[in-house]
1. Measuring from label point to label point, each 7 Å out along Cα→Cβ, what is the Asp188 to Arg238 span in nm?
2. Amide H neighbours of Ile167 under 5 Å, at least 5 residues apart or on other chains, H built in the peptide plane: list them.
3. Please compare each pair in Lys163/Lys217; Lys54/Lys84; Lys199/Lys231; Lys35/Lys73; Lys177/Lys226; Lys16/Lys199 to a cut-off of 27 Å on the Cα-Cα distance and tell me which ones are over it.
4. What does the accessible area of Asp146 come to, in Å² to the nearest 10, when a probe of 1.4 Å is used?
5. What are the extents of the Cα atoms of region 70-131 along their three principal axes, listed from largest to smallest and rounded to whole Å?
6. Accessible area, 1.4 Å probe, largest first: how do Glu203, Glu27 sort?
7. Report the Cα centroid-to-centroid distance between region 196-244 and region 142-193 in angstrom, as an integer.
8. Where nothing but the Cβ of Lys and Arg (+1) and of Asp and Glu (-1) is charged, how large is the charge dipole of region 1-94 around its Cα centre, in debye to the nearest 20?
Amino acid sequence: MNFVFDIDGTLCFDGKTIELDIQEAIEQLIVAGHKVIFASARPIRDLHPVLPGKFHHFQLIGGNGAFTSFEGKIECVSFDEDTKIELYSFIEKYNCSYLADSDWDFAYTGEQGHPIYHHINQVDAKNIQLKELNNLSKLVLFNVEDSLLKELATLPVSITRYKSEDIYDISPHGINKVRGIHNFGIRDFIAFGNDQNDKCLFEQAIHSVCVGTQDVKKYASEVIYKEDVAKRIRNFLRQDIPCV
């Protein structure tokens with residue numbers, strides 16, 4: 001079976017590491033013949049520091065589906081030129097703070113104390129000017145006004161709000177984690193997630209596990225606490241689930 005794992009709030013709870021017990025449970029799935037895919041809101045650049053090196057060559061989905069990586073080769077979907085120009089104009093009009101992602105480098109103007117800033121891999125990537133990015137594949141906006149939201153709604157984009165961080169995640173239209181999974185030719189999967197960007201996974205999965213009690217739990221097959229993640233992964237090994 002294909003197992004799809006979100007990272008932050010699902011496998012990683014400090015923004016930096018995945019507990020050894022969870023790593024070992026995932027490895028047991030692999031040894032048993034199952035396939036593991038990691039799917040995160042983080043771009044691939046920011047997945048590498050938190051994901052153990054032994055998993056870097058796996059099928060990875062970043063930027064909520066804007067980025068895919070396998071065996072180290074990264075592919076990305078970017079905003080079309082007209083949409084990119086409109087986004088630039090909105091940023092200037094509303095004087096927005098933002099995190100803009102390209103295939104690797106980024107542009108950041110938000111507060112350095114914001115949690116998202118500490119997730120950026122600044123060892124391997126550079127913070128450059130917005131219009132110097134090779135492409136624009138994902139945009140995070142801080143402190144968004146209602147009038148800006150109305151204007152964004154006129155563009156061919158997908159918008160996800162993260163209430164806990166007070167940010168809006170903007171991606172090209174139709175981009176989500178399921179799109180990334182389909183890009184790998186995968187249709188049947190079991191999903192672990194915890195946040196609004198995992199709703200699409202929960203709706204499409206054969207079985208879904210929500211870690212924690214956020215609103216998205218209503219779309220999941222079951223809800224568990226973070227202390228039970230490794231145990232729940234291992235429990236799948238005791239069930240009659242076909243391998244890939």
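The values are calculated or read from the model by the stated rules, or taken from the named source; none is laboratory data. Nothing here was measured: the structure is a model prediction, and the numbers come from that model. Using ideal geometry, Cβ is built from the backbone for each residue, glycine included, and neighbour counts are taken over all protein chains shown. Heavy atoms of the whole protein, side chains included, go into the accessibility calculation; ligands, DNA and RNA do not. Shrake-Rupley method; radii C 1.70, N 1.55, O 1.52, S 1.80 Å.
1. Between Asp188 and Arg238, the simple spin-label model gives 2.3 nm.
2. Tyr162
3. Pairs exceeding 27 Å: Lys54/Lys84.
4. 110
5. Ordered largest first, region 70-131 gives principal extents of 40, 31, 16 Å.
6. So, going from the largest accessible area down, we get Glu203, Glu27.
7. After rounding, the separation between the Cα centres reads 20 Å.
8. With Lys and Arg at +1 and Asp and Glu at -1, about 180 debye.
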